[in-house]
1. Within 10 Å, count the other beta carbons around each residue, average over each peptide in 157-164, 87-94, 125-132, and list them highest first.
2. In terms of the Cα gyration tensor, with a ≥ b ≥ c the square roots of its eigenvalues, is region 48-157 rounded because a/c is under 1.5, prolate because a/b exceeds b/c, or oblate?
3. Relative to the present Cα-Cα distance, how much length would full extension add between Val97 and Ala24 at 0.36 nm per residue of separation?
4. How big is region 232-279 on each of its three principal axes, counting only the C-alpha atoms and giving the largest first in Å?
5. Report the extension gain between Ala246 and Phe261 in nm, rounded to one decimal, defined as 0.36 nm multiplied by the number of residues separating them, less their alpha carbon distance.
6. What's the extension gain from Asn164 to Ser52 if we count 0.36 nm per residue and subtract their Cα-Cα distance?
7. For the pair Glu209 and Lys89, how long in nm is the line joining their label points, each one 7 Å along Cα→Cβ?
8. Measuring from label point to label point, each 7 Å out along Cα→Cβ, what is the Arg288 to Glu63 span in nm?
Amino acid sequence: MVDGDDGGDGRSDDAGSSPADPEAVAADFETVSVTVGDRVDGVATVTISRPSARNALNGQVREELKAVLDAIEDADVGVVVLTGDEEGKAFVAGADVTELRERDMLEQRRASERPRVYEAVAGLRQPVIARINGHALGGGCELAQACDVRIASTRAKLGQPEINLGIIPGGGGTQRLPRIVGTGQAMRLVLSGELVDAEEAARIGLVEEAVEPEGLDERVYDLAEKMATKSPVALAFAKEAVSAAAEAPLSVGLDREADLFTALFATRDKEEGMAAFFEGREPEWEGR
């Protein structure tokens, strides 16, 4: 997590520690649920569930989601799939406008202090796939942008309509969106409040793929499985290296890549991966 990064693979080195149980953490939550391994071994599915509000983000959702992500950070989980409750007919339809309306400037400044849920998602050591099963608007679009890969149902629409309320995106949309789709497309979406369908979102790079609803799960979990079978430490380092490209000058990013690349040569997973290659077998990762 961004406020607790140890610079390594995110796993505890305490000999007596046991992996966290995200399912147990979420057991009493009302707006966020977790399943681990129900579709693919090592893959956690995190579902935001406020169906009466189309899964909109309010304070309770944010706090419960952050608590779940904290547990996942230290759990025996390789990949995270983040999605919305199907009953809500949305990924996340946005922030809770009722909450926004009631806040003054000082209250909103406190609510905007980092790390927020967006940083919690982006800072997770595991790859996060956004399973965009419906509309991802405003804060929901920003939540998807914080994920590492976005796969959208063709029934979804995405956008940053905050300008229609007399405000601007405040969950990273003015910063992540230009890095994802380019300045011009980001300006178009942010300044107009225009929504785009999944096919156009794929065309401009806001999502990686647009998939028919009946094929969404197959594609998302096929990709998650491909990731989850890799070395956990290599996944974490690869995610950090690629993320550096969006945040640092090329020379700094290249140095960070080199540091992470060479650090992997001190891991057991590197030894196992090389041995498995030469022995013609599947590797058995230890995550260290």
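1. Values: 157-164: 20.6, 87-94: 23.4, 125-132: 26.4.
Sorting 157-164, 87-94, 125-132 by mean packing, highest first, produces 125-132, 87-94, 157-164.
2. Oblate shape, in that a/c is at least 1.5 and b/c is the bigger or equal ratio.
3. Values: separation 73, 0.36 × 73 = 26.28 nm, distance 3.05 nm.
Once the chain is fully extended between Val97 and Ala24, it gains 23.2 nm.
4. Result for region 232-279: principal-axis Cα extents of 39, 16, 15 Å.
5. 3.6 nm
6. Details: separation 112, 0.36 × 112 = 40.32 nm, distance 2.25 nm.
My answer for the length gained is 38.1 nm.
7. If labels sit at Glu209 and Lys89, their model points lie 2.7 nm apart.
8. Once both label points are built, they end up 3.6 nm from each other.
Each reported figure results from applying straightforward, stated rules to the coordinates on display, with no laboratory input. All of these numbers come straight from a predicted model, not from anything done at the bench. So basically every Cβ, Gly included, is an ideal-geometry build from the backbone, and we count neighbours across all protein chains shown.
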